[in-house]
Amino acid sequence: MGEMGRKIVKLDVGELLGDLSRAFANEWVAHFYYSVGAHLVTGLQGDDLAGRMRAGAGEELSHAYLIAKRIAELGGEP
C-alpha cells in the first residue's frame with residue numbers, strides 16, 4: 001500500500017502487520033493439523049476423509065502464501 005493509500009484510510013500499518021502475522025500463523029497451524037489428520041484418519045471412510053483433509057491442507061497453505069505476500073508488500077517479514 002502506497003503512502004497516499006495509507007493517508008486515505010488512516011491505517012496503522014504496524015497494527016495491520018500484526019493482524020496479518022497472526023492470520024499467517026493460524027493458516028500454518030491449520031495446514032499442519034489437516035496434514036497430520038490426513039495421515040491418522042482410519043475407518044470405512046478413511047481414504048475419502050484423508051483426501052478431503054489433504055485438500056483442506058492445500059487450501060490453508062495457499063491462504064498462508066497469500067498472506068505472506070501481502071505482509072511482504074507492506075514491508076513486513078512473514
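Just so it is clear, none of the values below were taken in a lab; they were calculated from the coordinates. From a predicted model like this one, the values you see are computed outputs, not experimental measurements.
Structural remarks
- The chain: relative contact order as a whole-number percent, Cα under 8 Å and 6+ apart: 38
- Matching label, semi-axes √(5λ) of the Cα gyration tensor in Å computed from the structure shown, candidates (1) 36, 10, 8; (2) 69, 14, 13; (3) 25, 13, 8: (1)
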